[in-house]
Structure formats: structure tokens, C-alpha cells
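The values are calculated or read from the model by the stated rules, or taken from the named source; none is laboratory data. Being a predicted model, the structure only gives us computed values, none of them experimental. A quick note on method: Cβ atoms are made from the backbone with ideal geometry, for glycine too, and the neighbour counts reach across all protein chains shown. In case anyone asks, the SASA skips ligands and DNA or RNA and just uses the protein heavy atoms, side chains included. Shrake-Rupley method; radii C 1.70, N 1.55, O 1.52, S 1.80 Å.
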Amino acid sequence: MRRFRESLTTRGAAFLASGIVLVLSGLALGQHDLSRIGTALCALPLLAGMLGRRHDLALVVEREARPSRVTIDEPAVVGVTISNPSMSRSPVLLAEEHLDYSLGDRPRFVVPGLPGGGETHVEYAVRAHARGAHRLGPLGVRVQDPFGLTLRHTSISSHDELLVLPRVVTLADGRALGRGLGAEGSVPHRVALHGEDDQSIREYRDGDDLRRIHWPATARTGELMVRQEDRPAKRRAVVLLDTRARAHGGSGPAGSLEWAVTMAASAVNHLLDSGFAVHLLTPDPGQESGVREDGALDAALETLARTAPSDESGIGSMLHAASGATAQGGLVVAVVGALDDDSSRALSSLRQPGGPGLAFVVDGSAFGRGGQPGGGADPGATTAALAGAGWAALPITPDLAVGDAWAAVAGSRRLVGAR
């Protein structure tokens, strides 16, 4: 009964109320014709409700976003295919697609009656103003009876997502980057981040050129061995992103976390273009180690698109994982918030002697509410500690653009007032 009351439109409620009044008035006045009219008015909404529920609305909805990965403010077209797998014809539907608020207004359209096995296709455009994995769907549908007395609401639960990548800012080359060879600069073979040994001779594999067989090694081991072609070494760079909720302030595109994500994405893109072997480390509770590592640009950008504020434990796990990644030297880029003394010392130790360390210390409190971590952590103290350990460190405030901050820290030029 409650579901029926909720399905009544204003017109349907008026019909039902009028019918009840007429029935009662007819009984009180002894006017049976008046009671009959009232009974008809009461029965009409009931009949309309039954007609609206004779279809089970077992529709199938499939979506395809083109492209499925976009950058901020880049438009995308979402195609929605609605099919009717049942044997009976579906009614005309009023449909509304549920979207994340950052994708704009919810599109509304009419779905015509579909015969059994039939389908229809509609498209709508979206434009995201914030990074992230934005949900597309479910599809809400409404069925109205021909008299407009009842309105049935239901939802088709299928959904998809549109991945919006963070902004990538073009960064200037810096003098500090030229010293980023580290230990791997003298190794003429593949650089192994997790301790794989660089080898010039390996076991024979199906498909190897027989002219590359190394006969002395074959005779010594008793197995076919081939020469491994040397590959030029790449300079190594490790990029760290601090995502602790208490280290950041503000919300939305103007928040400090968004600034940090943009800097990390821009740094990864710039360093890969500069010939570095880049490894992005971010806290990830879903990983066994608590840290996610990405070396390819597409994977890194997807990780950064899905980055969300984390708890305090993430910084410790990330610094622990980074200690192994930076043991052989190379460039270290840290985009962090205010750190306590222990974390500051752990981060400082990641820069190996002779290797460059670039630190962007975000002042979360300057970006808005939040950004006030416990334990006496202060952005100025963190910046000073890193600078004293030989890092090029810069405190970050909302008025400092990503490109200007990179230029100041990397050493290509100096900002007025930059330390």
C-alpha cells in the first residue's frame, strides 16, 4: 500500500481523494449515483497502477565512453545501448542517467517502446572538471500510465566509469637533473630496481640467433649460453607522493592534494621525456607492502587519477620502500606535506651523496581547512631539515604554480623570494 501511495502523481492523488469524498458523501446523503462516481474515481488510479506494473522492465544497459580516459576539461561522448531481452514489448520510458556531480547535469531522454529482442542507442556528452574515476550510471527510468495518474520509478543497476587523468604541466629543464646518474651511470646494461643482476651472458632461449652463442661459457656450464646485447643505462629517478589527509588542506581543484598530484604527474612525464627510468611510489593500502609502484606513464597517470587521501601509516611504508629504490643513487623527487622528525630524517637519507634531491613541501594549512598534522609537524621545519641535508627544497603555497615551483627547485631559474 505504501508503494502504491508513493507511485501516485498529483493528479492520481486528486482522483483518489475526490473519489473517497464522493463515496462518503453519497452514502451520507443517500445518493447512490454519487457513490458510484466516487467508486469509479477511486478505481481508476488502482487500475492505472496495475497497468504500470505489468512490465518487469528487465532491460539491459551497456555503456561505452569515447575516449575512456580523458584529461581535465576534455569532453567525452558516452554511448548508451538499451536492449529488451524479454519477449514482450517494453513501455515508453522516461530515462535519467545518474552521474557524478563533477561531470555536469544528468542527461534525460525518452526510451521508445522496444519489441522483444530490440534495442535503441542514445549518446550524451560529458566534461569533467576534476580528476578521478567518475561513475556513469545507474540508469533511472520512470513509467507513466496513459492517464498520468501513477508514476513508477526503478533503476537499472549496471554502471561504468570514466577515468579523468590529472593535469600535466610542461616543465623546464633544470641544472640539477644533469647529476641524476647515480650508481647506474657506470653500468652499461639494464638497470634493475629490485636487485636483478645485470648480465652480458645468459641461457639460450628458443629463437635466439645461433651466431650469438658464447662457446667458452657454453663449455664451462655445459648448457648453451648466448651473449646478452648491452643496452645503454638510463638515469634513475624516484618520485614520491605524500597523500596523507592530515598533511593536506583545502578541497577540490584548489586543494593542496590536487597541487601535489599535478606536480607528481608533471614530474613523471617530464623525467620520462628526459630519458630517466622513473618509478612513482604512492601509498596504497590494497598492496601487500602498502605501496604502489609505477614505471610507465600510462600506469602512473591512472594511479594518480585514482589517488585519494590516505591515513598516517602510508608515509612510513612509502619511505621504507623508497630506501631500497634509491640505494644505488639517482634523482629523488619528493612531493610531501609537513613531516615529523623521524619521517624527515628518513626522507633526507634517501638522497645519496652526489645525487640530487628535489623536495616540494606543501603547506596544507595555507590551502584551506585541514593540513594541520599532529606531532608538531611544520612545513617550514620540514623544508629546513631537507635543505640542511643537501636537498633543493621549497615550501609550497597556493599562489605558487607547478611550473614555477619546478623551475625554482630544479635550478633552471630562481623565483623572487624562493629559497
Helix-only [θ] at 222 nm, the chain, -39500 (n - 2.57) per DSSP H run of 4+, per residue, nearest 500, equals -9000 deg cm²/dmol
May I ask you to list, by number, the DSSP H helices of the chain whose Cα span along the axis is at least 27 Å and whose average Kyte-Doolittle hydropathy reaches 0.0 or more? 10-29, 32-52
Carbon and sulfur: what percent of the chain's accessible surface (1.4 Å probe)? 53 percent
Output ³J(HN,Hα) for the range 74-81: one whole-Hz value per residue in order, computed from phi by the Karplus curve 6.51 cos²θ - 1.76 cosθ + 1.60 with θ = phi - 60°, and x for Gly and Pro. 8, x, 9, 10, 10, x, 10, 10
Exposure of residue 266 as accessible area (Å², to 10), given a probe of 1.4 Å and all protein chains: 0 Å²
With label points set 7 Å from each Cα along the Cα-to-Cβ direction at residue 142 and residue 14, the distance between them in nm comes to 1.7 nm
Residue-normalised value, i.e. accessible area per residue, for the chain at 1.4 Å probe, in Å², stands at 51 Å²
If you take Cα extents along the principal axes in Å from the coordinates, which of (1) 103, 67, 37; (2) 111, 61, 33; (3) 73, 55, 51 do you get? (2)
Report the full-extension gain for the segment residue 74 to residue 313: residue separation times 0.36 nm, less the Cα-Cα distance, to one decimal in nm. 82.6 nm
Amide H of residue 393 versus every other amide H placed in the peptide plane: which residues, excluding those fewer than 5 positions away on the same chain, fall under 5 Å? 359
Cβ charges +1 (Lys, Arg) and -1 (Asp, Glu), total dipole of the range 271-334, debye: 120 debye
For residue 9, what residues show an amide H to amide H distance below 5 Å, using hydrogens built from the backbone and excluding near sequence neighbours? 150, 151
How many angstrom separate the Cα center of the range 19-70 from the Cα center of the range 140-157? 10 Å
Residue-span extension gain [residue 119 to residue 342] - 0.36 nm each, minus C-alpha spacing: 74.1 nm
